[in-house]
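Novice: Take this structure, written in structure tokens, and hold onto it; I'll ask about it next.
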Amino acid sequence: MRLLPGAALLWRGGDRHQVGLARALPLDSDDARALARSGGAVPRDRPRLAARLSRAGLVAPEPLAPVRVRVSGLSASGVAAAEALARAGASLTLVDPAVDDAGTAEPGVLPALGRGTRAERASRLVRELRPGVRVDLDRSRAVDSEVAVAVGSLPPVDLHRLMVADVPHVAVLVDERGVTLLPVTPGITACVRCRDIVRTRLDPVWPLLLRQCEPLAPRADPRDAAVAGGLAAAAALTLARGGLPPGWRVEAGRPSPLSLAAEPACGCGAAEREPDGYARSA
């Protein structure tokens, strides 16, 4: 049992001490000295101190089981998600066969990392960022969740793959105004196709527009890419552990909660699970 990371042991003057700043727990000198000697570990011979720290939320949680996340599409948003996932200790599978040239490279996204595909260069980046991180480029490898980046919507072949394989995923959908993030648990929450059916009702040529977007490389504002990448990483980790994270819309670096209802006409099964459709909101 250890103190929560960042929970500092602080002196208040005299023989008074405390642990933490936001919700401080007062300590006497004996407990403070014991904590200081243990280097952040809660001494086993002080069960009362351990109980007080636990009730105060100042004990680090047990390490979570490792997860593997696939990141498909290593534009700025995908690279930001991969970086955040690596920092969080997730194993990574990186997928993007594109080789950048002067017309497709996003400034500053994968700088000075040698030649190769975006996936190869991104793997070098995350290994430099987090030595020892497990990263591979095997698209067929089983994963716990996926971050999929595309322009406008996920291509039908990618959406079909994710839904049929029952892979929890975060659709990171880039456009000229910002980034939409849709976390999906197949058969339980509304999916990307649910959203596209609604968009098609509003604009009947929406599917035609999406077909034209399929070959386009996502290019997000750097602020939006950074924020969306962090949110996508958090959502992917939550999905991998069975949670249901909210959706988001990011514009000008500002995230806004996004709700999405299951569409009965979709056939993904989420609408049948909840008679009125399943809606996510933050």
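The values are calculated or read from the model by the stated rules, or taken from the named source; none is laboratory data. Just so it is clear, the model here is predicted, and its values are computed rather than measured. Cβ sites come from the backbone with ideal geometry, for glycine too, and all protein chains shown count toward neighbours.
Novice: Can you pull out the residues in region 189-207 that are hydroxyl-bearing (S, T, Y) and surrounded by fewer than 20 Cβ atoms within 10 Å (Cβ to Cβ)?
Specialist: T200
Novice: For region 66-75, indicate whether the set of residues that are surrounded by fewer than 22 Cβ atoms within 10 Å (Cβ to Cβ), within 14 Å of A122 (Cβ to Cβ), in the same structural domain as D144 (by TED's automatic domain parsing) and out of contact with any Cys (no Cβ under 6 Å at 6 or more places or on another chain) is non-empty.
Specialist: Within region 66-75, none of the residues are surrounded by fewer than 22 Cβ atoms within 10 Å (Cβ to Cβ), within 14 Å of A122 (Cβ to Cβ), in the same structural domain as D144 (by TED's automatic domain parsing) and out of contact with any Cys (no Cβ under 6 Å at 6 or more places or on another chain).
Novice: Provide a single number: the residues in region 160-170 that are out of contact with any Asp or Glu (no Cβ under 9 Å at 6 or more places or on another chain) and buried (at least 17 other Cβ atoms within 10 Å of the Cβ).
Specialist: Residues meeting the conditions: 2.
Yes/no matrix, rows are residues, columns are (1) within 30 Å of V135 (Cβ to Cβ); (2) part of a loop (DSSP other than H, G, I, E, B):
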site	(1), (2)
W11	no, no
A32	no, no
L35	no, no
G57	no, yes
E62	yes, yes
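Novice: Tell me whether region 87-107 contains one or more residues that are at pLDDT 90 or above, outside any loop (DSSP other than H, G, I, E, B), more than 20 Å from the chain's Cα centre (by Cα) and in the same structural domain as G229 (by TED's automatic domain parsing).
Specialist: No, region 87-107 has no match at all.
Novice: Okay, moving on. Which pairs turn up if I take residues in region 135-150 that are outside the structural domain of P218 (by TED's automatic domain parsing) and look for partners that are of a type in the set (A, V, I, L, M, F, W, C) and surrounded by fewer than 22 Cβ atoms within 10 Å (Cβ to Cβ) with beta carbon separation below 9 Å, at least 6 apart in sequence or on another chain?
Specialist: none
Novice: Among the listed residues L239, L216, L173, L210, which satisfies the condition of being surrounded by 22 or more Cβ atoms within 10 Å (Cβ to Cβ), closer than 15 Å to V151 by Cβ and not basic (K, R)?
Specialist: On inspection, the qualifying residue turns out to be L173.
Novice: Quick one: would you say V126 is among the hydrophobic types (A, V, I, L, M, F, W, C), surrounded by 15 or more Cβ atoms within 10 Å (Cβ to Cβ), at pLDDT 90 or above and in contact with an Asp or Glu (Cβ under 7 Å, 6 or more places away or on another chain)?
Specialist: Criteria met by V126.
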